[in-house]
Amino acid sequence: TATLFFPVQEPSSAAPRRSTAARFKIYNKGNNIDFFGKTDTLIHSEKGKIRVKSSDGLKIDQIPQTITAIKDVTVLQDGKTITADKMVLDYYTKKQNKNESIRQIEAFGHVVAQNDIQKITGKHAVYDPNKGTIVMDGNVVLYQGDSHMNGETATIDMNTGEGVLVPVKGQKETRIRG
(Lines give C-alpha, C1' and ligand atoms only; values in the text may rest on other atoms or scores of the structure.)
Protein backbone atom coordinates (compact mmCIF):
# COMPACT_ATOMS: atom_id res chain seq x y z
CA THR A 1 0.00 0.00 0.00
CA ALA A 2 1.63 3.19 -1.17
CA THR A 3 0.26 5.23 1.76
CA LEU A 4 2.82 3.52 4.01
CA PHE A 5 5.60 5.54 2.43
CA PHE A 6 6.86 8.97 3.30
CA PRO A 7 9.85 10.07 1.20
CA VAL A 8 12.78 11.15 3.32
CA GLN A 9 13.75 14.78 2.88
CA GLU A 10 17.39 15.55 2.08
CA PRO A 11 18.97 18.96 2.50
CA SER A 12 20.50 20.39 -0.64
CA SER A 13 23.11 23.14 -0.52
CA ALA A 14 21.66 25.24 -3.34
CA ALA A 15 18.04 24.15 -3.55
CA PRO A 16 15.20 23.85 -1.07
CA ARG A 17 14.73 20.48 0.63
CA ARG A 18 13.83 17.77 -1.83
CA SER A 19 12.65 14.21 -1.63
CA THR A 20 14.77 11.20 -2.55
CA ALA A 21 11.62 9.78 -4.13
CA ALA A 22 12.57 11.51 -7.39
CA ARG A 23 15.64 9.27 -7.67
CA PHE A 24 13.93 5.95 -8.31
CA LYS A 25 11.44 4.57 -10.81
CA ILE A 26 8.02 3.29 -9.80
CA TYR A 27 6.38 0.41 -11.64
CA ASN A 28 2.78 -0.35 -10.69
CA LYS A 29 1.43 -3.71 -11.81
CA GLY A 30 -1.95 -4.24 -10.14
CA ASN A 31 -1.40 -5.49 -6.59
CA ASN A 32 2.36 -4.96 -6.81
CA ILE A 33 4.32 -1.72 -6.81
CA ASP A 34 8.05 -1.84 -7.53
CA PHE A 35 10.55 0.92 -6.72
CA PHE A 36 13.84 0.51 -8.58
CA GLY A 37 17.19 1.96 -7.57
CA LYS A 38 18.33 3.36 -4.24
CA THR A 39 15.48 3.97 -1.83
CA ASP A 40 15.34 5.76 1.51
CA THR A 41 11.86 5.60 3.00
CA LEU A 42 10.04 6.15 6.30
CA ILE A 43 7.37 3.58 7.20
CA HIS A 44 4.99 3.61 10.17
CA SER A 45 5.06 1.13 13.03
CA GLU A 46 2.99 1.21 16.22
CA LYS A 47 6.07 2.58 18.05
CA GLY A 48 6.92 5.31 15.56
CA LYS A 49 8.59 5.50 12.19
CA ILE A 50 11.05 3.03 10.73
CA ARG A 51 13.59 4.20 8.18
CA VAL A 52 14.34 1.66 5.42
CA LYS A 53 17.27 2.10 3.04
CA SER A 54 17.98 -0.22 0.12
CA SER A 55 20.54 -0.01 -2.66
CA ASP A 56 18.40 -1.91 -5.18
CA GLY A 57 14.78 -0.94 -4.54
CA LEU A 58 11.58 -2.04 -2.82
CA LYS A 59 8.74 -4.26 -3.92
CA ILE A 60 5.32 -3.83 -2.34
CA ASP A 61 3.04 -6.84 -2.72
CA GLN A 62 -0.43 -5.94 -1.45
CA ILE A 63 -1.93 -9.45 -1.40
CA PRO A 64 0.39 -11.03 1.22
CA GLN A 65 0.96 -7.51 2.65
CA THR A 66 4.73 -7.49 2.31
CA ILE A 67 7.41 -5.00 1.39
CA THR A 68 10.64 -6.57 0.16
CA ALA A 69 13.83 -4.51 0.32
CA ILE A 70 16.65 -5.84 -1.82
CA LYS A 71 20.44 -5.57 -1.55
CA ASP A 72 22.36 -3.82 1.23
CA VAL A 73 19.28 -3.11 3.32
CA THR A 74 19.38 -0.98 6.47
CA VAL A 75 16.49 -0.50 8.91
CA LEU A 76 16.74 2.20 11.59
CA GLN A 77 14.35 2.66 14.52
CA ASP A 78 14.94 4.65 17.71
CA GLY A 79 18.68 3.98 18.04
CA LYS A 80 18.44 0.41 16.75
CA THR A 81 19.99 -0.60 13.42
CA ILE A 82 19.55 -3.80 11.43
CA THR A 83 21.41 -4.51 8.20
CA ALA A 84 21.08 -7.50 5.85
CA ASP A 85 21.28 -8.59 2.24
CA LYS A 86 17.46 -8.69 2.00
CA MET A 87 14.52 -7.89 4.27
CA VAL A 88 10.81 -8.64 4.07
CA LEU A 89 8.54 -6.32 6.06
CA ASP A 90 5.05 -7.64 6.86
CA TYR A 91 2.46 -4.95 7.47
CA TYR A 92 -1.04 -4.51 8.81
CA THR A 93 -3.67 -2.84 6.65
CA LYS A 94 -6.08 -0.23 8.03
CA LYS A 95 -8.76 -2.95 8.25
CA GLN A 96 -6.53 -5.09 10.50
CA ASN A 97 -5.10 -2.30 12.63
CA LYS A 98 -6.35 1.29 12.86
CA ASN A 99 -3.23 2.45 11.02
CA GLU A 100 -1.21 0.78 8.33
CA SER A 101 1.96 -0.25 10.16
CA ILE A 102 4.79 -2.77 10.15
CA ARG A 103 4.06 -6.05 11.98
CA GLN A 104 7.48 -7.73 11.67
CA ILE A 105 10.71 -7.57 9.68
CA GLU A 106 12.46 -10.73 8.49
CA ALA A 107 16.13 -10.33 7.52
CA PHE A 108 18.17 -12.72 5.36
CA GLY A 109 21.92 -13.00 4.79
CA HIS A 110 24.75 -11.29 6.71
CA VAL A 111 22.35 -9.94 9.35
CA VAL A 112 23.72 -7.43 11.86
CA ALA A 113 21.55 -5.89 14.58
CA GLN A 114 22.85 -3.33 17.04
CA ASN A 115 21.80 -0.91 19.71
CA ASP A 116 23.79 1.25 22.12
CA ILE A 117 24.65 -1.81 24.27
CA GLN A 118 25.44 -4.66 21.92
CA LYS A 119 25.81 -6.00 18.41
CA ILE A 120 24.55 -9.38 17.22
CA THR A 121 25.29 -11.12 13.92
CA GLY A 122 23.80 -14.15 12.17
CA LYS A 123 22.36 -15.50 8.94
CA HIS A 124 18.64 -14.89 9.59
CA ALA A 125 16.52 -12.81 11.99
CA VAL A 126 12.94 -11.84 12.74
CA TYR A 127 12.47 -8.43 14.36
CA ASP A 128 9.27 -7.17 15.99
CA PRO A 129 9.44 -3.37 15.74
CA ASN A 130 6.48 -2.94 18.08
CA LYS A 131 8.11 -4.88 20.96
CA GLY A 132 11.73 -4.21 20.02
CA THR A 133 12.64 -7.92 20.14
CA ILE A 134 14.77 -9.85 17.67
CA VAL A 135 15.24 -13.59 17.23
CA MET A 136 18.44 -14.42 15.33
CA ASP A 137 19.78 -17.76 14.12
CA GLY A 138 22.59 -19.18 12.01
CA ASN A 139 26.11 -18.86 13.47
CA VAL A 140 25.03 -16.21 15.98
CA VAL A 141 27.71 -14.05 17.57
CA LEU A 142 26.79 -11.56 20.31
CA TYR A 143 29.20 -8.72 21.07
CA GLN A 144 29.08 -6.61 24.24
CA GLY A 145 32.03 -4.29 24.83
CA ASP A 146 35.23 -6.32 24.37
CA SER A 147 33.46 -9.66 24.92
CA HIS A 148 31.67 -11.95 22.51
CA MET A 149 29.69 -15.20 22.72
CA ASN A 150 28.70 -17.70 20.02
CA GLY A 151 25.42 -19.57 19.80
CA GLU A 152 22.83 -21.29 17.62
CA THR A 153 20.05 -18.76 18.26
CA ALA A 154 19.48 -15.65 20.33
CA THR A 155 16.40 -13.78 21.47
CA ILE A 156 17.22 -10.20 22.47
CA ASP A 157 15.11 -7.27 23.66
CA MET A 158 16.80 -4.50 21.68
CA ASN A 159 15.37 -1.88 24.05
CA THR A 160 16.94 -3.28 27.23
CA GLY A 161 19.73 -5.49 25.86
CA GLU A 162 18.45 -8.47 27.83
CA GLY A 163 17.92 -11.85 26.25
CA VAL A 164 18.87 -15.50 25.90
CA LEU A 165 21.63 -17.01 23.79
CA VAL A 166 21.03 -20.69 22.97
CA PRO A 167 24.45 -22.27 22.87
CA VAL A 168 26.19 -24.36 20.27
CA LYS A 169 25.78 -28.06 21.16
CA GLY A 170 27.74 -28.95 24.28
CA GLN A 171 27.69 -25.45 25.80
CA LYS A 172 25.47 -24.11 28.59
CA GLU A 173 22.58 -21.67 27.86
CA THR A 174 23.53 -18.07 28.59
CA ARG A 175 21.32 -15.27 29.93
CA ILE A 176 22.26 -11.81 28.70
CA ARG A 177 21.94 -8.51 30.54
CA GLY A 178 22.49 -5.20 28.80
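The values are calculated or read from the model by the stated rules, or taken from the named source; none is laboratory data. For clarity, every value in this text was computed on a predicted model and none was experimentally measured. We place every Cβ from the backbone using ideal geometry, glycine too, and count neighbours over all the protein chains shown. For the accessible areas, the whole protein counts, side chains as well, though only heavy atoms, and no ligand, DNA or RNA atoms are used. Shrake-Rupley method; radii C 1.70, N 1.55, O 1.52, S 1.80 Å.
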Between Asp78 and Lys131, the two model label points (7 Å from Cα along the beta-carbon direction) sit apart by a distance in nm of 1.5
In order over the stretch 34-39: 3J(HN,Hα) from phi, Karplus 6.51/-1.76/1.60, θ = phi - 60°, whole Hz, x for each Gly or Pro, gives 10, 10, 9, x, 5, 10
Rg (one decimal) and Dmax (whole number) from the Cα set of the stretch 27-160, in Å, equal 14.9, 51
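State the percent of C-alpha pairs, over all pairs in the stretch 38-78, separated by a distance greater than 11 angstrom. Working shown, then result.
On the way: 518 of 820 pairs.
Across the stretch 38-78, Cα pairs with separations above 11 Å total 63 percent.
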Accessible-area order for Asp40, Asp72, Asp56, largest to smallest, probe 1.4 angstrom, reads Asp72, Asp56, Asp40
